[in-house]
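Working notes for the structure below.
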Amino acid sequence: MNATKNKTVRNLYMFMVNQAYSWKEVLAYRQQFISYLFYAMLAPLTTLVFVSVIYGVSNGIAGWSYYQLLLLSSTGTLVSSAVSYLINVRDTFEQLLRGGIDVFLTKPYPVILVIFSRGTKFTLASILGSVAVIGYAMSNITVTPLSVIEYVLMVAIGSITMAMFILAMVLTWYKRFMNGNWLKSFSDLIFNFGGMPLGIYGLVGTILFTVMIPVGIAVYYPAELLIGRLGSSEFALFVMLALVFLYALNKYIGRQLNSYNSAAG
Amino acid sequence: MHNRTLSKYWLLFEYEIKQLTSYRMDAVMTIVTTLLYPLALVIMWTAVYTFGGYDSISGFSLNGLIAYLFILSAINTLVWSSEIAWMIQWDVKTGDIAMFLTRPVSYIKGMVVDSLSETLFYFTVAGIPLIAIVILVTGMHVTLYTILLFAIAISLTFLIGALMSTILGALSAFITDISGIISTYSWAVALVGGGVFPLSMFPSSVQGILLALPFQFLFYVPDGIITGNISLAMAWGTLALGIVWAGILTVIAVLLWGSAKKRLDAVGV
C-alpha cells in the first residue's frame, strides 16, 4: 500500500518536473511563445465566430439555443486543446521513429506519463480561452453547482481517455506503417464531429462517438450534463464507460510498447 | 541555357513526387482525412436548413453550400504551399540555408517547385476527382468557360499562397522563431478567406473589408466561381483584383527576401 503510494507520488513528481522543464524551454523563446499564444487563442475565437455566424444567419439547430451550442462547441475546443497539451502527435511519432522512446523505456516511470508530459504547452492559452467562452455561455444558461462539478470531472476524465485513444492510434499506425503524419488531421477531424450535437449524426453516429471513439464522453455528454439534460445516474454511467475505456486502452498501449521496435534501432 | 534551367527544376519536381509516393499509405490517409473534413459541417448545416425550413441562407441553397464545403477540401490541397514558410524557417534555423544558397538553383524558385509538385500531386489525385464527384452529385451547371475561370482562379490561389508563405518565411531571418506566426497565419487565413464558411455569411460591413483583401483568393474566389456563387460577370473583375494582389505580394516578397538574404547568419543552432 505504502509502496504504491510512494510510486504514485514519485510519478506525479516526475510529471510536474517535466512540466516545469517544458515550460522553461517554451519560455526561453519569448517571441515564439507570444506568437503561439495568439495562435492558440484563435481556436476558441473561431468557435465563437462560427456559432455566432450560424445563429446570425439562421435559427440554429433544433433543441439548441445559441448559448447551449456555444457551450458544446467550446467544450469541444477545450478538450481538443487539453488533449494536445498531453500528446503532441508529430513529436510522439518522431520519438518512435528516432528511437527516443527507447530512452523512456529504460526509466522507472510509466512511458505513457512521460509521453503525456511532452505535449504542446502553448495550447494552455486555448484551454484558458475556451474556459472564458464556456464561462460566458454558462452565465446565460441555468446551471447548478453539482452539474458544474460533474461537468469538470467528466471533461477531465474524457480528455485523458481521448489522449490515450490518440496515443493508441499513433502506436498502432507506427507498428503497421512506420508513418502517420495524417493522424494530427484525424485527431482534428474527430473533434470537428465531437463539437456538434451527436443527435444530428443519427443513431449510428451517436453509437460511433460514444462506444467506439470516446469523444462523446469527453465533449457531448459533459455539455448535456451542464445544460441539465442528464442527471447524476447518467453521469455515473458515463464515468464508468470512461473507466472501461481507460483500462482497455492502458492494456492495449502497454502491449504495443512491449513489442515496439524503434526505426533507429 | 533555358532548357538546362528548366530541367534542373524538373528534376526537383520529380524527386518530390517520388518522396510523396514512397509513403503511399500516409498519402492515402491524408487524402481520406481531407475529403472527410467537411462531413461534420455538411451534417450540421443540413440540420440547420431542415430545422429552419430554409430554401437558402446568405444566397446558398443547401446543395450549393454542400458543394461549397466539399470543394473547399479540394482547394485546401492547393493551399499547402504554406509549407514554404516552414521549410525556409527550418533551413534558416539549422543553417542548411548556407548550403542551398551556394547551389546553382534559385532557393526560392526551388521551394516553389517543391511545393508545386506536392500541390499538383494532391490536387490531381484528390482534388479533381472530388470536384468532379461534387459536380455530378449536386447537378451543378458547369461550362467550359467556368472551368477556364476556375483554372485561372486556382492558379492565383497557388501563387498568392506561395507568395504569402515566402513573405512569412523571409521573416525567419529577422525573428528567431516564426512557427507561431505561421500557425496563426494558417488558421486566420482560413477564417477570413472563406475556408470555414462562405464570406457572404459575415455581416456586410465585415464582408466589405474581407472582399478587398487577398485572403479570399485562397478559398472563397475559386470555390465561388466553380459553384456559381460568384457570377461570371463579376468573376473577371475579381480575378483582376487577384492579379493586382499577386503583383503587390511579388514586390513585397522580392524586397523582403533580398533584405533577408543580407541578414542571414548561418550558425546552425
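Any read-out appearing in this document is the output of simple, stated calculations on the displayed coordinates, not a laboratory observation. Just so we're clear, the structure is a prediction, and the values are computed from it rather than from any experiment. A quick note on method: Cβ atoms are made from the backbone with ideal geometry, for glycine too, and the neighbour counts reach across all protein chains shown.
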At residue B:98 and residue B:25, where each label point lies 7 Å from the Cα along Cα→Cβ, what is the point-to-point distance in nanometres?
4.0
Could I get the Rg over Rh figure for the protein assembly as shown? Both from C-alpha atoms, Rh via Kirkwood, rounded to two places.
0.97
Based on other C-beta atoms within 10 Å, arrange A:17, A:131 from fewest to most.
A:17, A:131
Please compute the Cα-Cα pair-distance distribution of segment B:2-263 with 5 Å bins starting at 0, giving whole percents from short to long.
1, 6, 12, 16, 18, 17, 13, 9, 5, 3, 1, 0, 0
For residue B:194, enumerate residues with amide H under 5 Å from its amide H, sequence gap 5+ or separate chain, H modeled in the peptide plane.
none
Between residue B:243 and residue A:148, what's the calculated FRET efficiency when r is the beta-carbon distance and R0 is 41 Å? Round to 0.05.
0.15
Starting from the 7 Å offset along Cα-to-Cβ, what nm value, one decimal, do you get for the label separation of residue A:237 and residue B:142?
4.6
Can you compute 3J(HN,Hα) from phi for each residue in segment A:53-67, using the Karplus curve 6.51 cos²θ - 1.76 cosθ + 1.60 with θ = phi - 60°, rounded to whole Hz and x for Gly and Pro?
5, 4, 7, x, 9, 8, 8, x, 9, 3, x, 10, 7, 3, 5
Provide the FRET efficiency to the nearest 0.05 for the residue A:111-residue A:23 pair, computing r from the beta carbons and using R0 = 22 Å.
0.55
In whole Hz and in residue order, list the ³J(HN,Hα) couplings for segment A:99-105 that follow from phi through the Karplus curve 6.51 cos²θ - 1.76 cosθ + 1.60, θ = phi - 60°; x for Gly and Pro.
x, x, 5, 3, 5, 5, 5
Over the Cα atoms of segment A:164-212, what is the Rg over Rh ratio if Rh follows Kirkwood?
1.06
Residue mean of other protein chain beta carbons inside 10 Å, B:52-60:
2
Report ³J(HN,Hα) in whole Hz for each residue of segment A:172-178, in order, from the Karplus equation J = 6.51 cos²θ - 1.76 cosθ + 1.60 where θ = phi - 60°; Gly and Pro get x.
4, 5, 4, 5, 7, 10, 6
In degrees, nearest 10, the alpha-carbon axis of helix A:123-138 is tilted away from the dominant principal axis of the alpha carbons of chain A by 20
Just want the ordering: A:159, B:231, from fewest to most Cβ atoms lying within 10 Å of their own Cβ.
B:231, A:159
Nearest 10 degrees, 0 to 90: helix B:2-22 Cα axis against chain B principal axis
60
Nearest-0.05 FRET efficiency for residue B:206 and residue A:6 at R0 = 56 Å, using Cβ-Cβ distance, is 0.45
Calculated P(r) of segment A:40-170 - Cα pairs past 25 Å, %:
37
Taking 7 Å along the Cα-to-C-beta vector as the label spot, tell me the residue A:248-residue A:30 distance in nanometres, rounded to one decimal.
5.0
How tilted is helix A:89-98 with respect to the longest principal axis of chain A? Cα atoms for both, answer in degrees (0 to 90, nearest 10).
10
Point-charge dipole on Cβ atoms (K/R +1, D/E -1) for segment B:2-263, about Cα centre, debye to 20:
660
Three principal axis lengths of segment A:165-263 [C-alpha, angstrom, descending]
50, 25, 20
